[in-house]
1. Going by the structure shown, is B:Ile11 in a helix (DSSP H, G or I), more than 21 Å from the chain's Cα centre (by Cα) and away from chain A (no Cβ under 14 Å)?
2. When the residues of segment B:228-263 are narrowed to those that are within 12 Å of the chain's Cα centre (by Cα) and within 14 Å of another protein chain (Cβ to nearest Cβ), which ends up surrounded by the fewest Cβ atoms within 10 Å (Cβ to Cβ)?
3. Scan B:Tyr75, B:Tyr54, B:Tyr64 and give me the residue that is more than 14 Å from chain A (Cβ to nearest Cβ) and loosely packed, with under 15 Cβ neighbours inside 10 Å.
4. Given the options B:Ser137, B:Ser90, B:Ser124, name the one that is modelled with pLDDT under 90, more than 9 Å from chain A (Cβ to nearest Cβ) and either farther than 18 Å from B:Ile11 by Cβ or buried (at least 22 other Cβ atoms within 10 Å of the Cβ) (or both).
5. For the list (1) at pLDDT 90 or above; (2) within 14 Å of chain A (Cβ to nearest Cβ); (3) surrounded by fewer than 16 Cβ atoms within 10 Å (Cβ to Cβ), I need the number of the one condition that B:Ser43 fails.
6. Scan segment A:30-45 and tell me whether some residue there is within 24 Å of A:Ser276 (Cβ to Cβ), within 14 Å of chain B (Cβ to nearest Cβ) and either in a loop (DSSP other than H, G, I, E, B) or over 22 Å from the mean Cα position of the chain (by Cα) (or both).
7. When the residues of segment A:90-121 are filtered to those that are in contact with a Ser or Thr (Cβ under 7 Å, 6 or more places away or on another chain) and under 14 Å from A:Ala65 (Cβ atoms), which remaining residue is surrounded by the most Cβ atoms within 10 Å (Cβ to Cβ)?
Amino acid sequence: MNALSSRQSWFLHGGLLAIALIFPFVFNSPFAVNFGVLALFYAFIGQSWNIAGGFAGQLSFGHVAFFGVGAYASTIVQMRYGFSPWMGLPASALAGAVIGGVIAALSFRAGLKGSYFALITLAFAEVLRIIANSVEITGGGLGMLIPMKQTLANFQFSERIGFYFVILALTVVSVVLAIWLKNCRFGARLAAIRENEDAALALGINVFAEKIKIMMLSGAIGGVGGCFFAQYFLYIDPSIVFGVDKSVEMLLVSMIGGAGTVYGPLIGAVLLAGLSEYTRTVTSVQGLSLVLYGTLLVIIIAFLPNGLIDLFRRRKKLSAPAQSVLTKSTSRES
Amino acid sequence: MDLSIIGAATINGLLMGGIYTLVASGLTLIYGVLHIINFAHGSLLMLAMFGVYYLLMKLGIDPYLSLIIMVPAMYVLGFYLYRFLIGKLSSGKDENILLITLGLSILIENLALMFFKGDSRTISLSYTDKMIEVGPSLVALPKLISFAAAMVLCALLGLLITRTDTGKAIRAVAKERMGARLVGIDVERVFAISFGIGLATLGAAACLLMPIFYVSPTTGHVFVMVAFTVVVLGGMGSFMGAVIGGLIVGLTESFGGLFLGESLGQIGISLIFILILLFRPSGLFGAKQ
């Protein structure tokens, strides 16, 4: 994005938003709208992973912890305490942020980084899954069923298009957050931490506090993702909302699209939703889409470390004179 | 609580612990010594178990006899997997290895799902149901064999690492990569060999596991977290630690199930993993850093 002028960037964002707004009217079959909802949903939860794993370099394998906590928080607030399901949105954001803060404080206090952090987040998610499976308030292994009552006040829509615009709004918020992170001081400090934590510390950055903040923000987004999931599918259980595969999907969409970039998760999500829908309807071979995705992940790590977004960028860099790339990168650091 | 129930839970936990040790021993070498994070450990075990399964079903080769095929086959697979894929593509970065092995595990698991379908398979042979009396309870013979084999395997790996030239080279690379290169050790080759040995132990584990366990494309999931827990608990790179760690994890699971119930009882393993990483990252037997 950096290579674009501000006018080009307005065109790009405006154009993308316009496409997203028109999409469900042009392709108005339930299948197409469902596809749009899923793609945006993956982009949203992918962005949650992306701002921690991509922007701040805190690789997590257990991001589903936030997702699951959010799903349960919103459902419990609604079902056990009788609040409006819309209250589930702030409740899930809060729950995700709290869990994000706790996991981050514990892990970073112990000095865990890189693969150790990845593995401990996985373990935290597993602990939460087992707790959700064992206590009464979550309904245990049976899960929780949200009764169907299709009114706007009840966060349910008779047409899928309602959900489409909810998740579109959430995704827009997440993208705006990502753009803000790209340009603000906080984001710059995170980038410094990602590139070299010791150097960041030497520069006087409070690494511990910044990492906790970003994990709380990431957790809040993940939590809201869980709330949306619960309202869209109207059913949650521990192995669905705390399953390892969701963590992997969150990581995959942003790694493949481009970790640490604003639109990476969106690109990855459209691809993931597209591949899984296509292989399911056309070939009906179990597991094929994930085979492709696993292969893609390996290829990306090896050859396109910044994700598919690099395919667009490389060309630009090659055509731009080397000088300008150099000045740009130095000016951004100052 | 009845004493015999506790006795039975102890024996059951120890035997399960033996299995965990068996699976984790290879990881102790590749994760504990060389810090290569192999997230595909579980899926590669699953692959090896399908190998054992089909050797029996198609060619009628007894699982224990398969050892002489599976161990070298997995070694070769591991050696070349590292040489041409993991080592080459990760450019030596810790986190890239983690992600590439994650990609590999997704790939292997879903290929298995495509080719073998999702259902669980078990084998039954003349000796799979043979019971032996151990103290208060009856124990299946193959479980005892796998327990003994886990101990032998860890002892062998310990000897390999302390007594042979290869082991010396592995330790040198683990301690001081640049220094090892300077004295003429082919570092990349040592990595590939270690990865091969790690997978060879998985080959052995698969042969010993097949008579007592089931295999399905997701079998690996059961063992990934457990294997990492055993390695971290025992202490990075300590084979003695892997044995003790495996047994503790097995006992925790068994008593967790007994006292906390089937659902909450599973929490022990993940909790151990978290607590060790937070409070004693060197593990029980690892060198203090």
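The values are calculated or read from the model by the stated rules, or taken from the named source; none is laboratory data. Computed from a predicted structure; not experimentally measured. All Cβ positions, even for glycine, are placed from backbone atoms using ideal geometry, and neighbour counts span all protein chains on display.
1. So B:Ile11 fails the test.
2. Ranking the candidates gives B:Phe228 first.
3. Within the list B:Tyr75, B:Tyr54, B:Tyr64, the selection yields B:Tyr54.
4. Details: B:Ser137 fails: either farther than 18 Å from B:Ile11 by Cβ or buried (at least 22 other Cβ atoms within 10 Å of the Cβ) (or both); B:Ser90 fails: more than 9 Å from chain A (Cβ to nearest Cβ).
Just one listed residue meets the conditions, B:Ser124.
5. Tallying (1) at pLDDT 90 or above; (2) within 14 Å of chain A (Cβ to nearest Cβ); (3) surrounded by fewer than 16 Cβ atoms within 10 Å (Cβ to Cβ), B:Ser43 fails exactly one: (3).
6. Of all residues in segment A:30-45, those within 24 Å of A:Ser276 (Cβ to Cβ) come to A:30-45.
Going one step further and asking which of them are within 14 Å of chain B (Cβ to nearest Cβ), we end up with none.
No, segment A:30-45 contains no residue that is within 24 Å of A:Ser276 (Cβ to Cβ), within 14 Å of chain B (Cβ to nearest Cβ) and either in a loop (DSSP other than H, G, I, E, B) or over 22 Å from the mean Cα position of the chain (by Cα) (or both).
7. The residue in question is A:Ser92.
Residue-by-condition table, conditions (1) surrounded by 16 or more Cβ atoms within 10 Å (Cβ to Cβ); (2) free of Cβ contacts under 8 Å to residues at least 24 places away in the same chain:
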{"position": "B:Arg177", "(1), (2)": "yes, yes"}
{"position": "B:Leu182", "(1), (2)": "no, yes"}
{"position": "B:Ile185", "(1), (2)": "yes, yes"}
{"position": "B:Gly203", "(1), (2)": "yes, no"}
{"position": "B:Met210", "(1), (2)": "yes, no"}
{"position": "B:Tyr214", "(1), (2)": "no, no"}
